[in-house]
Amino acid sequence: MSAAGGAWLISFRVGGAEAALPLGIVREVAARPAITRVPGSHSFVTGIALHGGVALPVYDLVRFAPLWSGPRPVPAAGQMDAAEHVIVCDWGEARVGLLGDGVDLLEPGQAGNAPGEARAPRCGISAEYVREILRRNDESVLLLDPGRLFASLGVPAAESTGAREGGGEDDPACR
Amino acid sequence: MKLLMVSVGEGRYAVPADIVTQILDPALEGDLRVERSEAVYRGERLPVLDLHAVAGEPHGVARVYLVVEAARSRAIVAVDGADSIPEVPSTDIAPLPPFIFMRPARVFRGVFSDGGEPRLLLDQDGLL
């Protein structure tokens, strides 16, 4: 059986785990942009970047404790994750960035479901966020459940993010 | 819109210039007495808002005070420095998504590019 029912995936490394998301929600994979810390934001929000004139919140999943069932290398407070890429995702009307390394495209059929012994995640990601465990060569790739992930991060599924379309901050619908 | 660029600790932020009525240098301003959370300026008692606390920066001795005025309130805002007043079109200021904040009340409302760096714009309604 092919990965995720034949859908294309984006795989990436995060906190020592190999994770994946459906390509359908990924707008772009970009080199890490300039990111500014936002005081008062959640601890797992690395900061804000500008992406095509839109404020892009950038998330560091390593700092999002509920995602993990085991230890992972968390940067010290005040230090930013060193990930080199941002995976820009569209979720509802929101656009969010996830920090990641080793970003790769996973073609349909390239990965298969893991056999039973590999089903128990040993990479530290909590099973409730894993939709499927796939096998690529000799490694497990955890297909994350984007609905659960983004809901847990507080990203609304269908609500204005403030993404501007010509009106800038004067557009009241974007506030 | 005109923005006053201020520095607070290691951070740099923008304040809408139209709410800043005065920039005070405490070393030169004789009629200003600043206490912990209040100041008396020309006989008027005003609350002091310390942007160091807002920005999560270590407290320091503020070198500049801004007198800011919103619809119904005036306050003094303590910062480390104030330098330029660039004109930034409001269409270049992207609103911040509200869901990134831990609390509904927030003191930043937007972000814009300042020489390639994203720069945060203070929200006077959240600040005052």
Task: Candidates A:LEU61, A:LEU50, filtered to the one that is surrounded by 21 or more Cβ atoms within 10 Å (Cβ to Cβ) and either under 14 Å from the mean Cα position of the chain (by Cα) or at pLDDT below 95 (or both) - done: A:LEU61
Task: B:ILE76 of a type in the set (Val, Ile, Thr), crowded, with 21+ Cβ neighbours inside 10 Å, modelled with pLDDT of 90 or more and in contact with a Gly (Cβ under 8 Å, 6 or more places away or on another chain) - done: no
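If you go through region B:58-110, how many residues are farther than 21 Å from A:LEU56 by Cβ, part of a loop (DSSP other than H, G, I, E, B) and touching a residue at least 40 places away in the same chain (Cβ under 8 Å)? Write out each step before concluding.
So the first thing to find is which residues in region B:58-110 are farther than 21 Å from A:LEU56 by Cβ, and the list is B:58-87, B:103-105.
Adding the requirement that they be part of a loop (DSSP other than H, G, I, E, B) leaves B:58-63, B:70-73, B:80, B:83-86, B:103-105.
Still in the list and also touching a residue at least 40 places away in the same chain (Cβ under 8 Å): B:58, B:60, B:70, B:73, B:80, B:83-86.
Number satisfying all stated conditions: 9.
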Task: Residue match in region B:50-59 (condition: over 13 Å from the mean Cα position of the chain (by Cα) and surrounded by 13 or more Cβ atoms within 10 Å (Cβ to Cβ)) - done: yes
Task: Count - residues of region B:12-38 that are in contact with a Leu (Cβ under 8 Å, 6 or more places away or on another chain) and under 30 Å from A:ARG37 (Cα atoms) - done: 11
- [ ] Identify the single condition in (1) closer than 20 Å to A:ARG37 by Cα; (2) not in a loop (DSSP other than H, G, I, E, B) that B:LEU49 does not satisfy, given that it satisfies every other one.
- [x] (1)
Task: Search result, residues across region B:81-121 that are more than 10 Å from chain A (Cβ to nearest Cβ) and touching a helix residue (DSSP H, G or I) at 6+ places or on another chain (Cβ under 8 Å) - done: B:ILE85, B:PRO104
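Return yes when B:ASP83 is surrounded by 15 or more Cβ atoms within 10 Å (Cβ to Cβ) and closer than 15 Å to B:LYS2 by Cα and no when it is not.
Working: surrounded by 15 or more Cβ atoms within 10 Å (Cβ to Cβ): no; closer than 15 Å to B:LYS2 by Cα: yes.
Considered against the rule, which asks whether it is surrounded by 15 or more Cβ atoms within 10 Å (Cβ to Cβ) and closer than 15 Å to B:LYS2 by Cα, B:ASP83 comes out as no.
The values are calculated or read from the model by the stated rules, or taken from the named source; none is laboratory data. Since we're looking at a predicted model, the values are computed, not measured. As a convention, Cβ positions derive from the backbone with ideal geometry for all residues, glycine included, and neighbour counts pool all protein chains shown.
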